[in-house]
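First comes the structure, then the notes that go with it.
The values are calculated or read from the model by the stated rules, or taken from the named source; none is laboratory data. Here the structure is a predicted model, which means the values were calculated and not measured. So basically every Cβ, Gly included, is an ideal-geometry build from the backbone, and we count neighbours across all protein chains shown. Please note that ligands, DNA and RNA were not included when accessible areas were found on the heavy atoms of the full protein model with its side chains. Shrake-Rupley method; radii C 1.70, N 1.55, O 1.52, S 1.80 Å.
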Amino acid sequence: ALLAAGRAALHGGGGAGAGGGEEPKLRVEVYDGSDCVQALFHSTNLRLRVTDLGSGRSATRDVHEGDLEEWLDEVGTGHLLCASREADLVEVLLQHATLSEGTPTPSVIFDGIREETRMQGRYAAGLLESATLTSS
């Protein structure tokens, strides 16, 4: 995995996220997805696996820039699709990927990006803006 994280579920009545002493309810893993045929046509190629640690349900999803563009643009973080921002993109995916609920077969979905996440200096569009946000 490029990166993996356990966190409290945000979707469907889980906790307020990782931290706060809560036991992780989800495990989110992000892998390099460049081994699929679709990688020939995209610049962003990631594979996500989300596992509910309580029930054992899990799902995998390949994502490309077209899958993420609208979701990121909703809160002005579309710049995270730039190659130089891949580490920040992976971090946002770790925080917001979850499992769908109420379906017989789970799928990986994305919770909306919260304003406080967007305002963290690390996700700012430019270096100067990032430095300004993290120093205040």
Exercise. Could you give me the residue pairs with C-beta distances under 8 Å whose first residue belongs to the stretch 66-89 and is acidic (Asp, Glu), whose second residue is in a helix (DSSP H, G or I) and open to solvent by less than 30 Å² (accessible area, probe 1.4 Å) wherever it lies, and which are 6+ apart or on separate chains?
Key: Glu69/Gly78; Asp88/Leu80; Asp88/Tyr123
Quiz prompt | Members of the stretch 63-89 found to be closer than 22 Å to Pro24 by Cβ and open to solvent by 10 Å² or more (accessible area, probe 1.4 Å), listed by number | solution = Ala87, Asp88
Practice problem: Output the number of the condition that Thr60 fails; it satisfies all remaining conditions of (1) modelled with pLDDT of 85 or more; (2) part of a loop (DSSP other than H, G, I, E, B); (3) open to solvent by 80 Å² or more (accessible area, probe 1.4 Å); (4) among the hydroxyl-bearing types (Ser, Thr, Tyr). | Solution: (2)
